[in-house]
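S.K.: Once you've had a glance at the structure underneath, I'll fire off some questions.
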Amino acid sequence: MCVENNDLLLRAALVWRELLNTKCVVKYKEREAIKEMAIGFSEEDFYHLAGFQYLEDIRFPRYSRKKVFDKIISGAITQEMISKGCKYETFVKPRLMVLSEVNELLEREFELYRFDQYRCSFYTELKADYIISDNENYVFVVRENETKIECRCCSAFKIAQRNYTDNQKKLKIVSKEMQPA
């Protein structure tokens with residue numbers, strides 16, 4: 001499928017689709033112990049990561065989150081449709097920009113932090129366990145539960161005025177690799 005350069009929504013969805021059968025396994029050092037997390041990707045997560053919850057002024061038929069993803073891939077939900085939302089530029093576009101290159105972000109060098117929302121110097125409702133950060137982007141990751149290594153992305157956006165890594169514990173990455181899911 002040929003994607004026009006200005007179709008950010010479809011480009012982000014196609015990149016996300018490429019990740020669906022993979023996981024990013026990161027081994028890191030924390031308190032002298034080597035720990036591991038495996039970040040998985042699902043169609044259902046794309047809805048929230050893309051910021052569709054901010055498109056309150058746009059009416060879509062009642063689709064499941066997976067169905068929304070499928071409708072984007074098929075062209076039934078388009079960039080033109082969502083860009084009319086009043087919160088598109090502020091809340092949706094920055095997320096789509098990160099999602100359109102998330103595969104590249106995970107393959108290059110990045111920093112990993114343990115995240116605690118209460119250590120931020122500003123108020124945030126963002127709940128996550130980790131932050132992946134390069135010089136331009138944040139990807140927030142949450143553990144499925146405390147006893148497992150399975151994780152998923154819960155938010156992603158461009159770095160702006162707020163520094164989410166201030167006061168957070170930086171972790172030393174020992175290794176990282178993309179693996180089949």
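S.K.: How high is the FRET efficiency between Ser74 and Ala181 when r is their beta carbon distance and R₀ equals 25 Å, given to the nearest 0.05?
M.R.: Values: r = 23 Å, r/R0 = 0.92.
FRET efficiency, Ser74 to Ala181: 0.65.
S.K.: On a full-extension model of 0.36 nm per residue, what is the gain between Lys87 and Tyr63, subtracting their alpha-carbon distance, rounded to one decimal in nm?
M.R.: 6.6 nm
S.K.: Can you compute 3J(HN,Hα) from phi for each residue in region 158-169, using the Karplus curve 6.51 cos²θ - 1.76 cosθ + 1.60 with θ = phi - 60°, rounded to whole Hz and x for Gly and Pro?
M.R.: Calculated HN-Hα couplings, in order: 5, 5, 10, 5, 7, 9, 6, 8, 4, 6, 9, 7 Hz.
S.K.: Which sequence of Arg11, Arg119 reflects their accessible areas, 1.4 Å probe, from the largest down? Can you show the working numbers first?
M.R.: Numbers: Arg11 80, Arg119 125 Å².
Sorted descending by solvent-accessible area, the residues read Arg119, Arg11.
S.K.: Given the rule -39500 (n - 2.57) for each run of at least 4 DSSP H residues, summed and divided by the residues of the chain, what is its mean residue ellipticity at 222 nm, to the nearest 500 deg cm²/dmol?
M.R.: Numbers: 6 runs with 46 residues, N = 181.
Using -39500 (n - 2.57) per qualifying helix, the result is -6500 deg cm²/dmol.
S.K.: Among Gly75, Ile131, Ser64, flag the residue with its Cα farthest along the positive direction of the charge dipole of region 54-135, charges on Cβ as +1 for Lys/Arg and -1 for Asp/Glu.
M.R.: Ser64
S.K.: For region 8-14, just list the computed ³J(HN,Hα) in residue order, Karplus coefficients 6.51, -1.76 and 1.60, θ = phi - 60°, integers in Hz, with x standing in for Gly and Pro.
M.R.: Calculated HN-Hα couplings, in order: 5, 4, 5, 4, 5, 5, 5 Hz.
S.K.: Arg31: net charge of surrounding residues, Cβ under 12 Å, Lys/Arg +1, Asp/Glu -1, itself excluded?
M.R.: Details: positive: Lys29, Lys35, Arg114, Lys169, Lys172; negative: Glu30, Glu32.
Around Arg31, the surrounding residues sum to +3.
S.K.: Taking each pair of distinct Cα atoms in the chain once, what is the resulting Kirkwood hydrodynamic radius in Å? The partial results should precede the final answer.
M.R.: Numbers: mean 1/r = 0.0588 Å⁻¹.
One over the average 1/r among Cα pairs gives 17.0 Å for the chain.
S.K.: Name the long-range amide H neighbours of Glu144: under 5 Å, sequence gap of 5 or more, or other chain; modelled H, no Pro or chain starts.
M.R.: The answer is Glu150, Cys151, Arg152.
S.K.: Oh, and also: Using only the heavy atoms of the protein chains and a 1.4 Å probe, how would Ser83, Ser42 rank by accessible area, largest first? The partial results should precede the final answer.
M.R.: Values: Ser83 50, Ser42 30 Å².
The residues order as Ser83, Ser42, largest area first.
S.K.: Then there is this: So who's got an amide H within less than 5 Å of the one on Glu101, skipping anything under 5 residues away but keeping other chains? H placed 1.01 Å off N, in plane.
M.R.: When sequence neighbours closer than 5 places are left aside, there are no close amide H contacts.
S.K.: Of all beta bridges DSSP finds with both residues in the chain, what is the antiparallel percent, to the nearest 5?
M.R.: Details: 34 of 37 bridges.
Taking every DSSP beta bridge with both residues in the chain, the antiparallel ones total about 90 percent.
S.K.: Right, next: Expressed in nm to one decimal, what extension gain is obtained for the pair Glu44 and Gln117 from 0.36 nm per residue of sequence separation less their Cα-Cα distance? Each step should come with its number before you reach the end.
M.R.: Working: separation 73, 0.36 × 73 = 26.28 nm, distance 2.42 nm.
Value of the extension gain: 23.9 nm.
S.K.: Now a separate question. Could you put Lys66, Lys172 in order of accessible surface area, largest first, with the 1.4 Å probe and the full protein assembly present?
M.R.: Largest to smallest exposure gives the sequence Lys172, Lys66.
The values are calculated or read from the model by the stated rules, or taken from the named source; none is laboratory data. Here the structure is a predicted model, which is why all the values come from computation and not from measurement. All Cβ positions, even for glycine, are placed from backbone atoms using ideal geometry, and neighbour counts span all protein chains on display. These area figures cover heavy atoms from the full protein model, side chains too; ligands, DNA and RNA do not enter into them. Shrake-Rupley method; radii C 1.70, N 1.55, O 1.52, S 1.80 Å.
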